[in-house]
Amino acid sequence: MARVIAVANQKGGSGKTTTTRSLAAALAERGRQVLMIDLDPQASLSEGCGLELHALATTTYHVLIGSARLPDILVPVEDRVMLAPANIHLSAAELQLVNMNRREDKLRNALKPLRDHYDYVLIDCPPSFGLLTVNALSAADSVLIPMTCDYYTLLGVGLLLQTVREIQQEVNPSLQVEGILATRFDSRTLHSREILQRARSELGGQFRIFETVVRESVRFKESPIVGQSILTYARTSDGARAYRSLAEEIENHASSS
């Protein structure tokens, strides 16, 4: 049965979409079957996979409101990687979900028929704590938190962890924190180094801080333009190596737990 990992942080620009796309590719390289779910109305994940957003007839929006089944909207992205795409229509889902019964369980229920067909499901969450993110955390086994190495993002991680505790108490008692991933790290600046050290000292006792550190790289901005993951676009780059390392960490931790 698939492990479902929500990639979440309420701060934009933290590397959620890059992490979802790159980790999926790295897990696929290791022979895993991976499903990516775009749950962000900005649809950067879908666009970065080369899809024409305006041409999508059915998306995660239709799945959440109950007018389409999740298996019917999937598109292949690369070998062993499938995508449930989104577009701007997803922004309407928040309002429509409010009046629905068991609105927080829509994605979890939609995923049930697919969990035996994949090794991993990665959910790209929006930069907010609305019903879309609640659906992701309700459906997930764990949450992976990308964190840029700056002060305000570190504060935001604390808020997200509080939200995770609330979800555990009210919606999904089995939800775990997969780990905190340092992204867009610039070793040349004292500030980045200090924030990473502070995260490890303040949070490392309670939560896993991945050994993998994803450094800032222009390759992450270039690869979506051509609809590729960084592992395909720049196979030997530091960014590609970082996400291969992250995939290894995640798999090693799963096998030892």
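Can you work out the Karplus-derived ³J(HN,Hα) for every residue in the stretch 198-210? Use 6.51 cos²θ - 1.76 cosθ + 1.60 with θ = phi - 60°, whole Hz, and x for glycine or proline.
Values, residue by residue: 5, 4, 5, 6, 8, 10, x, x, 9, 10, 6, 9, 4 Hz.
Show me, for the stretch 94-102, the HN-Hα J-couplings you get by feeding each phi into the Karplus relation (A = 6.51, B = -1.76, C = 1.60, θ = phi - 60°), rounded to Hz, glycine and proline as x.
Running phi through 6.51 cos²θ - 1.76 cosθ + 1.60 with θ = phi - 60° gives 3, 5, 6, 5, 3, 9, 8, 6, 6 Hz.
Only residues of the stretch 149-180 count here: report those whose backbone N is under 20 Å from the spot 7 Å along Cα→Cβ of residue 198, or say none.
Within reach of a label on residue 198, which here means backbone N under 20 Å from a point 7 Å along Cα→Cβ, the stretch 149-180 contributes 149-163, 180.
Sequence neighbours fewer than 8 away in the same chain don't count; with that in mind, list the aspartates and glutamates whose C-alpha is under 17 Å from residue 106.
Correct list for residue 106: 38, 40, 72, 94, 124, 141, 170.
Taking the Cα centre of the chain as origin and charging only Cβ (+1 Lys, Arg; -1 Asp, Glu), how large is the dipole, in debye to the nearest 20?
Rounded to the nearest 20 debye, it is 200 debye.
Compute and list, largest first, the equivalent-ellipsoid semi-axes of the stretch 3-256 from the alpha carbon gyration tensor, each √(5λ) rounded to a whole angstrom. All intermediate terms of the calculation are to be shown ahead of the outcome.
Numbers: eigenvalues 141, 93, 56 Å².
After diagonalising the Cα gyration tensor, the semi-axes are 27, 22, 17 Å.
Can you tell me the FRET efficiency between residue 95 and residue 117 if r is taken as the Cβ-Cβ distance and R0 is 41 Å, rounded to the nearest 0.05? Please report the intermediate quantities before stating the final value.
Numbers: r = 32 Å, r/R0 = 0.77.
Efficiency computed from Cβ-Cβ geometry: 0.85.
In terms of modelled amide H atoms, which long-range or inter-chain residues lie less than 5 Å from the amide H of residue 36?
82, 83, 84, 122
Considering only DSSP beta bridges with both partners in the chain, what is the antiparallel share in %, to the nearest 5? Mind dumping the intermediate values first?
Values: 3 of 30 bridges.
Just about 10 percent of them are antiparallel.
Modelled label-to-label distance, residue 222 and residue 159, 7 Å Cα→beta-carbon offset: nm?
Output for this residue pair reads 3.5 nm.
Please state the relative contact order of the chain as a whole percent: Cα pairs under 8 Å, 6+ residues apart?
About 26 percent, as a whole number.
Which net charge results for the neighbourhood of residue 25, defined as the other residues with beta-carbon distances under 12 angstrom from its beta-carbon, given Lys and Arg at +1 and Asp and Glu at -1?
Values: positive: 21, 30, 32, 80, 235, 244; negative: 29, 78, 79.
Summing Lys/Arg as +1 and Asp/Glu as -1 gives +3.
Ranking 77, 157 by Cβ neighbours within 10 Å, fewest first, what do you get?
Taking fewest neighbouring Cβ atoms as first place, the list is 157, 77.
Report, in whole Å, the centroid distance computed from the Cα atoms of the stretch 36-68 and the stretch 97-167.
16
What is the sum of charges, Lys and Arg at +1 and Asp and Glu at -1, for the other residues whose Cβ falls under 14 Å from the Cβ of residue 236?
Overall, the nearby charge balance is +2.
Using each residue's phi in the stretch 226-231, evaluate 6.51 cos²θ - 1.76 cosθ + 1.60 at θ = phi - 60° and report the 3J(HN,Hα) Karplus result to the nearest Hz, with x for Gly and Pro.
For the stretch 226-231, the Karplus curve yields 9, x, 10, 6, 5, 6 Hz.
Quick note: the coordinates plus some simple rules give every number you see, no bench work behind them. It should be emphasised that the depicted structure is a prediction, and the values quoted were computed from it without experimental measurement. Quick reminder, even Gly has a Cβ in these numbers, built from the backbone with ideal geometry, and neighbours come from all protein chains shown.
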